[in-house]
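Participant: This is the structure I want to talk about, given as structure tokens.
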Amino acid sequence: MQKIKDVDWKGIAYTVLPIISPGLTFFCASQIAGSKGFIRVILIALGIASAALAPFLARLASSRERRNAAMEMEAVISAVADEMGTLAVSRDDTTAELGVIEDKLVRCAAEHGGAKVGAAFYALDDERHLVRVAKHLRDNAPRHFENRDLINLLNAIDNEDIVYIKDNDKTDGNLSIRLANGNRSAIVAPVFSGTVAQGVLIIDAPDPGKLTKKLVRESYVRAVARLLGTAHAMGTPSGTMKPSLPRQPEGEGSGQGTPTTGRND
């Protein structure tokens, strides 16, 4: 049971008070005519305050939402910053660093959805099959997709749109795929590096309606998917190559700028 001190009282206030405010204003206005003296002054003051309360709280809530969004994006950036720095100066095989980056991004995607939400990244291979390469809280997620699921996911990737599945058991002809433990709600986000498809990120939760655009912002999912695509492309032979260092004044290379194909999954 949640403790009183752990309750988000500010969040409750932002939600409840704007609903109460119009009713309180109406009540005060209806009572002013029949009141006198000090009570009348109190009702007038309360009515004015309640009328101004709703837009004021709406402004605060908007500011709070923007602040939370910034904090979440900072978490994503910090999750990959150290590994990207290591990657930039590494002269060794970059497989380990890229794998850590993928794992952290998948975890960020899942944690943004809340408790019990998991995620998995499936990469496209040379034959356009989807193979799981990173996961969070989804040990039993499918290792690969076949038949109808594969076709549906490839179509989603080709369309480049993020798809929100409210209820995987009742899609009314829309996208439906096999999920871990028969989970009911999901987000399917195509993963790209530039214009080149790298795979798909699937975020899923046990309960239907858990993953909505309001609760899990599309802009956040898209940003994570793009970072994930860039990291994955850097580790594949067909992905981006490390830029070479400028040649030395005497015309000989330093030997430190040799391009590498990175990981070969």
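The values are calculated or read from the model by the stated rules, or taken from the named source; none is laboratory data. What you see is a predicted model; the values in this text were computed from it and never measured. All Cβ positions, glycine included, derive from the backbone under ideal geometry; neighbour counts span all protein chains shown.
Participant: Run Lys135 past the list (1) within 18 Å of Phe192 (Cβ to Cβ); (2) touching a helix residue (DSSP H, G or I) at 6+ places or on another chain (Cβ under 7 Å); (3) not in a loop (DSSP other than H, G, I, E, B) and report the number of the one that doesn't hold.
Facilitator: (1)
Participant: Going through the stretch 178-194 one residue at a time, which ones are in a loop (DSSP other than H, G, I, E, B) and at pLDDT below 90?
Facilitator: Within the stretch 178-194, Arg178, Leu179, Asn183, Gly194 qualify.
Participant: If you don't mind, there's one more thing I want to ask. Given the criterion in contact with a Lys or Arg (Cβ under 6 Å, 6 or more places away or on another chain), outside the structural domain of Ile157 (by TED's automatic domain parsing) and either modelled with pLDDT under 85 or not aromatic (Phe, Trp, Tyr) (or both), identify the matching residue among Gly253, Gly209, Gly239.
Facilitator: Gly253
Participant: Considering Arg148, Arg184, Arg138, which residue is charged (D, E, K, R), crowded, with 17+ Cβ neighbours inside 10 Å and over 26 Å from Leu227 (Cβ atoms)?
Facilitator: From the options Arg148, Arg184, Arg138, the qualifying one is Arg184.
Participant: Select, from Asp169, Asp126, the only residue that is assigned to a loop (DSSP other than H, G, I, E, B), in contact with a Gly (Cβ under 9 Å, 6 or more places away or on another chain), in the same structural domain as Ser219 (by TED's automatic domain parsing) and not small (Gly, Ala, Ser).
Facilitator: Asp169
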